[in-house]
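Participant: Here it is: the structure, laid out below.
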Amino acid sequence: MVLQDSELLVQFRNPATKEKAYTSLIRKYQERLYWHIRRMVVEHEDANDVLQNVFIRVWNGLENFREDSQLYTWLYRIATNECLSFLEQQKRKSHASLSDLENGLANKVVADKHFDANRLEWKLQLAIQQLPEKQRVVFTLRYYDEMPYEEMSRVLDTSEGALKASYHHAVKKIEDFILNH
């Protein structure tokens, strides 16, 4: 039985049911968060590491969650910020530029044993990895997670107009990449 978020929060704030509520929350959101993270960091192992960090932050912060937004929105904000922090750390570790990091992400896509450059889904993945970081995040949230701009605005703390523009530019770049590669 899947509990409503409000019920999970009530149970989490009760010391007797805190761990059970946390486990239920993980079960409820783990897969959606994993794929959101995976699309941003590409590799399974990295996605698992980032997801672990997300759930540690959730455990530490859930008691203070003010319910100004939906729990789902709050979780996505944490996951997105953890992804961006992870990518920033990778960039610092390699002493590379952001474009080098983005090329590295594209190389990880190509290195996948199932990669087939003639299949559209692989071209799409390569095209996404060519996008600037902000456009990649916006495209991922909108295209894969079908997140409304209003909610995305709360997750990314950006205006809806700016998000729509980023998504539009991302789509144009992806179309261009797919048609020309």
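Participant: Quick check: pseudo-label points 7 Å beyond the Cα along Cα→Cβ at Leu179 and Ser85, how many nm apart are they?
Facilitator: About 4.1 nm separates the two model spin labels.
Participant: Give, as a single signed number, the net charge of other residues whose beta carbon lies under 10 Å from the beta carbon of Glu82, with Lys and Arg counted +1 and Asp and Glu -1.
Facilitator: +1
Laboratory data are not the source of any read-out in this text; all were calculated from the coordinates shown. Everything numeric in this text was worked out from a predicted model, so none of it was measured. Note: ideal-geometry Cβ built from the backbone for every residue, glycine included; neighbour counts use all protein chains shown.
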